[in-house]
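**Student:** Can you keep this structure in mind? I'll have questions shortly.
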Amino acid sequence: MSKTYWNAPVASSEPQGPILEIKGLSAGYGPMRVIHDLDLVVRPGERLGVVGLNGHGKSTLFLAIAGLTGWQRGSIKLNGREVGGSRSQGPGRYTHLIVRQGLAVMPQGDEIFHGLTVEEHLDSGAFTPRAWRERAPRKERILAIFPPLRKLMKVPVGRLSGGERRMVSIGRGLMVDAALFLVDEPSLGLAPKIGKGVMEALMAIELGSSAMIIAEQNVALLEGRVDRILGMHVGTLKGEASTSLASQTKRDL
Amino acid sequence: MDLGFVIVSAVTLACIYGTLAIGISITWSSLGLINMAYGLTFATAGYGAWLVGDQLQAIDAISDTTWIVGPIVILAGILTGAACGVVICAVTFIPIHDKPNFTVRGLIASLAVSLIGTQVLLQVFGPRAKSLPPLFGDWELPIGNVVITADKGGAMISSIVLLALALRWMKSSRRGLEIRAMMMNPHAASLVGIGVRRTGFYVMALTGALAGLASVLLSQTYYISPFSGLTPLIKGLSVALLGGLGSVNGAIVAAVILGTNEALTSALLGGQYALITQFLLIIIVLLFRPRGIAGILDKAREA
Amino acid sequence: MSEIWKNPLAPWRGDAEPQEAPSEAYSDPGEVWRAKRQSHTKLYKVGRLRYYHKWRGHGAKTWTRTRYWPTRRRVLDIRGEYNPKILRREKTIVDKRPIWWLLSFIAIAVAPFLAPKDLQSTLISAGTVFLIYAAINLCWTLILGTAGIFSLATMAVVGAAAYGAASMSVFYGWPWWTLPFVGGGIGFVFGVVIALPATRLDGFYYALLTLGLNELCRVYVVQSRTFGSATGGVYGADSFIPTGASQRVELIIGYFASFALMLSALALFRFVNGKRLGRILRMAPEKREAFAQAVGIDYRTARIQVFIISSVGLGVIGGFYASYFHGASPSLFSFDSVLLGLAMLVIGGLGKAEGAVLGTFIVIVIDKVFLQLGPIRLILVGAIMLGVVLLLKNGLFGIKHQFRDWRDKKKSENRSTRAEKGGEMLPEEATEAGDKDLIYAQRFDKMQRDYLKGVVSEKLVEEHARNPLGQHSEPLERLLLYFRRQPQVDKYAIAVIEPFKAYRIVALSGHRGVAPRVVEEKTYPSEREAYHGVFLRRVQDLLES
Amino acid sequence: MSDKPFDRRQLVKGFAAGAALTAGTGRYSMASAAPAKPTGEPILIGLTISQTAAAGVADHHDHLNGSTLALEEINAAGGINGRPLEFRIVDVDLLNAESCQAAIRNLVDQKVHAISSPFLFVPIPAMDASVGYGCPYVNGNTQRASTDLVAAHPDKYAHMFQMDPSEVYYGETFPIFLQDLEKSGAWKPRNNKVHIVQEQIAYNQTISHSCQAALKNSKFELAGITDIQYPVQDWGPVIQDIKKIGAGTVMIDHWVAAEYAAFVKQFRSNPLKDTLVYLQYGPSQPEFLELAGKAAEGFVWSTVLGVYADKKGAEFREKYKKRFPGKVMGLCYTGAGYDIVYMMKEVWEKTKKPEDFKASCEQLRKTAFRGVCGWSIMDNKRQEAVQYPVGTQDLEKGMSQLYFQVQDKQSKIIYPFPLKETEFKTVPWA
């Protein structure tokens, strides 16, 4: 029995399905549940902003997509393939497999390898055999996006400044052809000007058929530059997100 | 004091120590595991090589041709070591690597494995030491008033080659990069597609193979017996510690320093002071450099 | 599924009402409830609330008055409360550990007299070794658990003190009662020596450094002509066990002396761990020193203090050891004994007095009592170590905590399967909601909507389009009743623009004096169509919610 | 794995009850049509056998095998006074005081009638643990310090017997051996210098000291001392020292067979010409010959407790090899274990009452026992066997120290001359 029978049929003009489809996701750590029954659909070519205060689950959402939370339930489909699972899993146990499905996570803070040089760092991002073979031109491409890194290639990342680290972190994520980029608070802890620069660079990235979600506390940095903005409040998405169905239905009756 | 002699024995010892320490250092750096079962791997690999060697000795046609027996025995040692490493990984690393308190628990788990394994070896093979057939033929090379035997020379050359290869591999390959990345931040490593568990097996098989190789190469110094792994373990740990846990470069520098120290001590003070000077040296270096020699080499490491 | 609905009012109304209409079969609203409340994945029933036995009578007063002399600590942590349901006073023992301790002390005290005759000397001497090692491990726990510093120099301190004390007695003829003091003195010096690097090094660097120190002691002792060259140790020290006593008396004296030693080690542990020094140390664990310093904790002094205190304790034990065994042997410093000691602590659980004692007990029993088992013994110890370490977070005494953590996680997961969107209140909201009935109202509402979503079908819409007013089929009636029951805020209404010509859908503001807002520009030519328009909107909203 | 003792599995399985051994005995006696099957309450001998520790497992296992052989023979021949003999075996870590004590206490609990122990490195706590019980405690500790203690407290330690001479004789006999060898003409020393390479543990230190003292009273002189310490990673410096000092005789005073083997190999590749190299006790462990292979040829070693090569000894060797087939047979504690059991048999056959410990001890003290390792006469203050040739000049009044030389991959007795199997051969690196 179709529930949307009476309305106009869903307009699926896109050639492929959504890149990310989250249904009924709950996730948390131990006794604490951070994300409550969340739904989200991200389509190819979309640049999405998630805005919310500290501790409302933006990072946890990203970690849940990457399989890094303490436990999670519900369905996460990446490129139509189920990566979430409803098991209570140890954090990070399947992350590398999820990542290999086409996910690039640029985490909040300095989730980077202190001892490696910038160049090795970028290399480490090239985890598919193809990317590893083509790592030289890819590095060039990233250096074109972040020119300041060019003269730092041989410097251990531990010695870089916060902004440079963020650039390295984002550059590392760009080394493979990901279908979905998750950028967690690109401006956190950076001077406003540098933060803006990092944001510019993110906006400048050609998405093609992939998609990008940027989590940010500062709405001003996102407004007008992303395709849609969702608010995150105590573990649920408000705004457009909860009406994901609405984006499919038409109201011109 | 005969300088030439001191240099030769320093090089010999440095080779032995470097070979012993590198496996421990890599294990610690990538898995965060102080592998107390390293000595067990060492002993088990020796027994594996011995079993194969014993079988080969029985075949008359090839029992005297070193160029056939040698490589097969070495290969047997390496394979047994790798298998042992995989087992240790499956028991001590896989079940608990993402659980709280992993470092201490991993240490104790590997200790327990070593305790059990040693007793099993003792019961299966008996307490008597075994030796391997000569692996590098039967030549001698006099340098000044020191004579380097085939076994020693072969072991030295192979360990230098081995260390060079290991260093090069760690520096230039994707696997090496993965191992180094995992050692710095396992969480972030999984974000760049590095499977922690798979890499764990990988690393342990590799270090097991290194231990196996070391065991075969040093079988003339540490004969194969159930407890023969203890000394290599302690030596390897102290070298790795002095080098700075997790730094392969540091371990090699430390091996050279400790080898020189031991050669000098033997020449100047007498062999019985070798252990004392060794530990004093380690303590002094650590008091000034709490992160070992790697703390000097690599300033970017976290304090 | 579908069936024909017969209008029961048709005979009375004539043509004004349809005789029958295609409709949906009846579906049970209870189904939704049952389905929702069931978990999607298999879940196991886990645990319950903490259970306390409730004793009669209030009792708070008498119990709070009794304290451990000379501290102000209460003997038992007893909570007195009034139970409003049964109108009775009751008391609860919150922390039952002192009772368990007391029982085990009694067990230890009577054990030598209950030991079977043909195993007596084995059991009593194993018991003595257990008590001595328990004392050592208690002091070690202070450093390893309370201070959180991975020091392996414990046996080095004990050994050095034992050697020092034994040689004082052997070479200078000092009587047995001086030996613990000699040991304590040596322990003090050692404490200072090992405390200094602890302020600089941490983690495994410190562990391996202390292991090196241990090895250094062993090497020194093994090759020192004074300390070892004759007998593999210094032997012949004066003992507190009177010469000429029968074997049984000898054993019993040794046993109870060791028991006293263990009790004083326990007292030392309580004294340090439960007081200011212990708190300071726990506030400044490894790698967090900077934070501790930032809030004004002088962790360096605290560490040096705890090292000195526990080392003096260990030294005294070393002196006792020398006196009991008539000397000391280099095996005190061996790698194995350090690691076996570590295994004892880990089996019991790091940082807990009861863990240190129980772990020691298990290992010593296996190692020293089942001597005939031969090699299987050590394999057994190894297997226990492995099992404990692989399965348990913090040893045997961590099981309770670990189980509770696991149960909490399962509970949380379990709840997440019930908390569908808009249904159950989130915990944060629920705690803030003044009217707790709302929590249930929301849940009920959610279930109803879920049911109604399943009811909506093309036939119902057609039925409503044909006949917006009047008697409807049962499912449609349910739907309309639900819509009518909605609150005034944002409720749809029909505004007449021009009677019989044009109607428009508006939404009520819900507040007196505030005009309704226009929902859409579209106008409907008839009242019936407007009714149906409102219906469609409501259905859409329902489906989207 | 051909040298794996075949009774090991049986041993492990049967330890708990100690029954496996007696069961085996039963079968043995049936097969050989025994005179009378022993009946009655078994006589118990307790054995402290190291099975799990890092040190001494091989020697202790030899001891157990030798004892087992004796037990099987005795039970097959009708037991002692018609009573069967049984063993009680406990594991011990011979470096650890608590473990030594626990082992003895355990045997005491099992009410054994005598304790037979190969050796413990920390004997004093074990001795103390057995004091209250007082059954005969026969050991092969080879340690003067503990027998001195027996001499100092004759009442307390009346039950302690060391069935072999103490380690000090290693040092004291050495110059005598050299002199006699030279006199016999088989060996022409390069010079009269003796170079001692000494390990640091108590046992080696004592030997080194007594040897240095003995050298002063002989025509040989001490040329130098090199200190080493277990584990020796590289023998290069030692060999360099040997060549630098250039003594005619080198004594390697160490104890680990495997490291001896390493030394032998390195020395042979870079030898000091025509030097007599004497290796302390270590090569008695059979693995030495296997590890060193043909490099062991020509090295000399000795033991104060070894199986003679005379008729009695040869017979024992024959029986042992049949019962425990293996590549190389140990020559020290195999005989010791065998002898202790027979010694106790002799004692109990005289006293008739194994339960009377005092009488047994008294009898044991008086007994002059001739076993496969020679005469064990412990009727002296220290209650240790008299040594030949230092303790007594009469071969019939003492246990002879045996000097072996490795010839054709076998250890052959070369000294004392009345007991020799073969002549001393000039070292191959001459």
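**Student:** Counting only other chains, what is the mean number of Cβ atoms within 10 angstrom of the Cβ of each residue in peptide C:17-29?
**Tutor:** 0
**Student:** Would you work out the Kirkwood radius for segment D:179-243? I mean one over the mean of 1/r across all pairs of different Cα atoms, in Å.
**Tutor:** About 13.3 Å for segment D:179-243.
**Student:** Distance cut-off 19 Å, Cα to Cα: go down the list D:LYS188/D:LYS425; D:LYS111/D:LYS319; D:LYS273/D:LYS420; C:LYS36/C:LYS411; B:LYS130/C:LYS368 and report the pairs above it.
**Tutor:** Beyond 19 Å: D:LYS111/D:LYS319; D:LYS273/D:LYS420; B:LYS130/C:LYS368.
**Student:** Also, I was wondering about something else. Could you identify which residue out of D:SER284, D:SER400, D:SER184 has the top mean-square fluctuation in a GNM of chain D using Cα springs shorter than 10 Å?
**Tutor:** Answer for the Gaussian network model of chain D: D:SER184.
**Student:** Let me ask another. How do C:PHE188, A:PHE127, B:PHE227 rank by accessible surface area computed with a 1.4 Å probe, from largest to smallest?
**Tutor:** Solvent-accessible surface, decreasing: C:PHE188, B:PHE227, A:PHE127.
**Student:** Using the heavy atoms of the protein chains and a 1.4 angstrom probe, tell me the accessible area per residue for chain D in square angstrom.
**Tutor:** Spelled out: the 1.4 Å probe surface of chain D, per residue, equals 32 Å².
**Student:** Sticking with this structure for a sec: Quick query: amide H of C:GLU3 versus all other amide H atoms, modeled in the peptide plane; which residues come in under 5 Å with a sequence gap of 5 or more or a different chain?
**Tutor:** C:SER23, C:GLU24, C:ALA25
**Student:** Turning to a different aspect of this structure: Tell me the mean residue ellipticity at 222 nm calculated for the protein assembly as shown from its helices only (DSSP H runs of n ≥ 4, each -39500 (n - 2.57), averaged over every residue, nearest 500).
**Tutor:** Estimated from H runs of four or more residues: -16000 deg cm²/dmol.
**Student:** Moving on. Could you tell me the largest-minus-smallest coordinate of the C-alpha atoms of chain D on each of the three principal axes, in descending order and whole angstroms?
**Tutor:** 66, 47, 39
**Student:** Among all the lysines, which ones have a C-alpha under 20 Å from C:LYS287's C-alpha, if same-chain residues fewer than 8 places away are not counted?
**Tutor:** Answer for C:LYS287, where 20 Å is the Cα cut-off: B:LYS99, B:LYS299, listed by chain and number.
**Student:** Now, a different point. If Rh is defined by the Kirkwood formula over all Cα pairs and Rg also comes from Cα, what ratio Rg/Rh do you get for the protein assembly as shown?
**Tutor:** Radius of gyration over Kirkwood radius for the protein assembly as shown works out to 1.08.
**Student:** So how tilted is helix C:399-418 from the main axis of chain C? Cα-based, degrees 0 to 90, rounded to 10.
**Tutor:** Taking the Cα atoms of chain C, the angle to C:399-418 is about 10 degrees.
**Student:** Between the helical axis of D:333-351 and the dominant principal axis of chain D, each derived from Cα atoms, what acute angle in degrees is found, rounded to the nearest 10?
**Tutor:** 40
**Student:** Let me ask another. Between B and D, buried accessible area summed over both sides at probe 1.4 Å, in Å² to the nearest 100?
**Tutor:** Adding both sides of the contact gives about 3200 Å².
**Student:** Output the residues of segment C:303-350 meeting this criterion: accessible area (heavy atoms, 1.4 Å probe) in the chain alone minus accessible area with all protein chains in place is 40 Å² or greater.
**Tutor:** C:PHE325, C:SER331, C:PHE335, C:LEU339
**Student:** Please list C:THR301, B:THR199, C:THR243 from largest to smallest accessible area, probe radius 1.4 Å, with all protein chains kept in place.
**Tutor:** C:THR243, C:THR301, B:THR199
**Student:** Amide H neighbours of C:ALA502 under 5 Å, at least 5 residues apart or on other chains, H built in the peptide plane: list them.
**Tutor:** Residues meeting the amide H criterion: C:ILE497.
**Student:** Can I ask one more? Treating only the Cβ of Lys, Arg, Asp and Glu as charged (+1, +1, -1, -1), what charge dipole size does the protein assembly as shown show about its Cα centre? Round to the nearest 20 debye.
**Tutor:** 3700
**Student:** Using alpha carbon coordinates only, what is the Rg to Rh ratio of segment C:453-545, with Rh defined as the Kirkwood radius?
**Tutor:** 0.97
**Student:** Give me a single rounded figure for B:224-234: the average over its residues of other chain Cβ atoms within 10 Å of their Cβ.
**Tutor:** Rounded to a whole number, the mean comes out at 3.
**Student:** Could you give me the radius of gyration and the Dmax of segment C:101-405, taking only the C-alpha atoms into account and expressing both in angstrom?
**Tutor:** Computed over the Cα atoms of segment C:101-405, radius of gyration and Dmax are 19.1, 62 Å.
**Student:** Any idea of B:MET156's accessible area? Nearest 10 Å², probe 1.4 Å.
**Tutor:** 30
**Student:** Follow-up. What ranking do A:181-187, C:440-446, C:279-285 get when scored by the average of other Cβ atoms within 10 Å per residue, highest first?
**Tutor:** Ranking the peptides A:181-187, C:440-446, C:279-285 by packing returns A:181-187, C:279-285, C:440-446.
**Student:** Here is a further query. Summed for both chains, how many Å² of accessible area, to the nearest 100, are buried between A and C with a 1.4 Å probe?
**Tutor:** Approximately 2600 Å² gets buried when A meets C.
**Student:** Once whole DSSP H runs in chain B are found, which of them have Cα atoms spread over 18 Å or more along the helix axis and a mean Kyte-Doolittle score of at least -1.0?
**Tutor:** Sorted by number, the helices that extend far enough and score high enough are B:3-31, B:38-58, B:66-88, B:102-125, B:150-172, B:196-217, B:230-243, B:248-268, B:274-288.
**Student:** Arrange the residues C:ASP437, C:ASP95, B:ASP60 by how much accessible surface each exposes, largest first, with a 1.4 angstrom probe.
**Tutor:** B:ASP60, C:ASP437, C:ASP95
**Student:** Mind checking which of D:PHE369, D:PHE119, D:PHE417 has the largest fluctuation in a GNM of chain D, springs on alpha carbons under 10 Å?
**Tutor:** D:PHE417
**Student:** On the protein heavy atoms, probe 1.4 angstrom, tell me the percent of accessible surface of segment B:110-212 carried by carbon and sulfur.
**Tutor:** Taking all protein chains in place, segment B:110-212 shows 70 percent carbon and sulfur surface.
**Student:** For the ranges D:97-107, D:260-270, C:398-408, D:336-346, what's the packing order if you count other beta-carbon atoms within 10 Å of each residue, average per peptide, and put the highest first?
**Tutor:** D:97-107, D:336-346, D:260-270, C:398-408
**Student:** Give me log10 I(q)/I(0) at q = 0.18, 0.20, 0.32 Å⁻¹ for segment A:27-70, Debye formula, one equal scatterer per alpha-carbon, no solvent.
**Tutor:** Computed log10 I(q)/I(0) values: -0.58, -0.70, -1.29.
**Student:** For a quick check of your reading of the filter: which GluC sites (Glu not before Pro) in segment D:145-191 sit in a DSSP loop and have no more than 10 other Cβ atoms within 10 Å?
**Tutor:** none
**Student:** Now for a separate question. Could you give each residue of segment C:323-337 its phi-based ³J(HN,Hα) in whole Hz, using Karplus coefficients 6.51, -1.76, 1.60 with θ = phi - 60°, and x for Gly or Pro?
**Tutor:** For segment C:323-337, the Karplus curve yields 6, 6, 8, 6, x, 9, 10, x, 5, 4, 8, 6, 3, 4, 5 Hz.
**Student:** Another question, if that's okay. Against the longest alpha carbon principal axis of chain C, how many degrees, from 0 to 90 and to the nearest 10, is the axis of helix C:353-364 turned?
**Tutor:** Taking Cα atoms only, the helix is inclined about 60 degrees.
**Student:** Compute and list, largest first, the equivalent-ellipsoid semi-axes of chain C from the alpha carbon gyration tensor, each √(5λ) rounded to a whole angstrom.
**Tutor:** Equivalent-ellipsoid dimensions as semi-axes: 80, 25, 23 Å.
**Student:** So, counting K/R as plus one and D/E as minus one, what does the shell of residues with Cβ under 11 Å around D:GLN285 add up to?
**Tutor:** Neighbour charge sum, excluding D:GLN285 itself: -3.
**Student:** For segment C:487-535, compute Rh as the Kirkwood radius over C-alpha pairs and then the Stokes-Einstein diffusion coefficient at 20 °C and 1.002 mPa s; write the answer in µm²/s, rounded to an integer.
**Tutor:** Reported coefficient: 198 µm²/s.
**Student:** For segment B:143-241, what is the convex hull (Cα atoms) projected area averaged across all directions, in square nanometres?
**Tutor:** Across all orientations, segment B:143-241 yields a mean hull projection of 8.3 nm².
**Student:** Could you name the lysines in cross-link range of C:LYS6, using Cα to Cα under 29 Å and dropping any fewer than eight places away on the same chain?
**Tutor:** A:LYS3, C:LYS453, C:LYS459
**Student:** Another question about this same structure. Probe radius 1.4 Å, ligands and nucleic acids left out: can you give me the accessible area buried at the B-A interface, summed over both chains, in Å² to the nearest hundred?
**Tutor:** Approximately 2300 Å² gets buried when B meets A.
**Student:** Any idea of C:TYR51's accessible area? Nearest 10 Å², probe 1.4 Å.
**Tutor:** For C:TYR51, solvent-accessible area is about 150 Å².
**Student:** When you look at the Cβ of every residue in C:381-389, what mean number of other chain Cβ atoms sits within 10 Å?
**Tutor:** 6
**Student:** Per residue, how large is the accessible surface of segment B:3-297? Use a 1.4 angstrom probe and give square angstrom.
**Tutor:** That works out to 32 Å² for each residue.
**Student:** Something else: Please get the size of the charge dipole for chain B, origin at its Cα centre, with Cβ charges of +1 on Lys and Arg and -1 on Asp and Glu, quoted in debye to the nearest 20.
**Tutor:** The dipole of chain B has a size of about 1120 debye.
**Student:** Further, regarding this structure: For segment C:522-535, what does the Karplus curve 6.51 cos²θ - 1.76 cosθ + 1.60, with θ = phi - 60°, yield as ³J(HN,Hα) per residue in whole Hz, taken in order and with x for Gly and Pro?
**Tutor:** 4, 10, 9, x, 9, 5, 4, 5, 5, 4, 5, x, 4, 4
**Student:** Read phi for every residue in segment A:190-201 and hand back ³J(HN,Hα) as whole Hz from Karplus 6.51 cos²θ - 1.76 cosθ + 1.60, θ = phi - 60°, with x for Gly and Pro.
**Tutor:** 9, 4, x, 5, 5, x, 5, x, 4, 5, 3, 4
**Student:** What translational diffusion coefficient, to the nearest whole µm²/s, does segment B:3-297 have by Stokes-Einstein, given a Kirkwood radius computed over alpha-carbon pairs, a temperature of 20 °C and 1.002 mPa s viscosity?
**Tutor:** After rounding, the answer is 110 µm²/s.
**Student:** Can you list residues whose amide H is under 5 Å from D:GLU86's amide H, if they're 5+ apart or on another chain and H is modeled 1.01 Å from N?
**Tutor:** D:ILE43, D:LEU44, D:ILE45
The values are calculated or read from the model by the stated rules, or taken from the named source; none is laboratory data. If you're wondering where the values come from, they're calculated on a predicted model, not measured in any experiment. Neighbour counts are summed over all protein chains in view; Cβ atoms, including those assigned to glycine, are modelled from backbone coordinates with ideal geometry. Accessible surface areas use protein heavy atoms only, side chains included; no ligands, DNA or RNA. Shrake-Rupley method; radii C 1.70, N 1.55, O 1.52, S 1.80 Å.
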